[in-house]
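The values are calculated or read from the model by the stated rules, or taken from the named source; none is laboratory data. Predicted model only: the values in this text are computed from it and were never measured. Backbone-built Cβ (ideal geometry, glycine too); neighbour counts: all protein chains shown.
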Amino acid sequence: MRSSTSNLSRNSSVFAPGSGTDIPAGIIETIQGDNCVTHRYASGKLVTKYDSGTIKEKSADSKTEITRYINGDVQQHLPDGKVGQKFMVLETL
């Protein structure tokens, strides 16, 4: 279980837990409760990874948001209000 301390810097990347790699300069890592970790980049971009495997990316201007689901589906919210979705298709033999 993670602690719910905000603005907690860690020495491992959210995308490679336990890898021992340092978080690059200009990135602030925030642990929110027990279910997600957020990286805020110097550009203003936000990337949030949930324990379920879902990853949300929000652009620096907060106008575009991309959600990547563990099953490969991708949902994109655009500035004009349109929502695009790409679904992972599995073929069975």
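For region 3-10, does any single residue satisfy the condition of being hydrophobic (A, V, I, L, M, F, W, C), within 28 Å of Asp73 (Cβ to Cβ) and either assigned to a loop (DSSP other than H, G, I, E, B) or at pLDDT 50 or above (or both)? Looking through region 3-10, none of the residues is hydrophobic (A, V, I, L, M, F, W, C), within 28 Å of Asp73 (Cβ to Cβ) and either assigned to a loop (DSSP other than H, G, I, E, B) or at pLDDT 50 or above (or both). Set side by side, the residues Thr67, Thr30 differ, and just one is at pLDDT 90 or above, surrounded by 15 or more Cβ atoms within 10 Å (Cβ to Cβ), assigned to a strand (DSSP E or B) and hydroxyl-bearing (Ser, Thr, Tyr), which is Thr67. Among the residues of region 41-72, the ones that are acidic (Asp, Glu) and farther than 21 Å from Met88 by Cα come to 1 in all.
In this structure, is Thr38 surrounded by 11 or more Cβ atoms within 10 Å (Cβ to Cβ), among the polar types (S, T, N, Q), touching a strand residue (DSSP E or B) at 6+ places or on another chain (Cβ under 8 Å) and at pLDDT 90 or above? Yes, satisfied.
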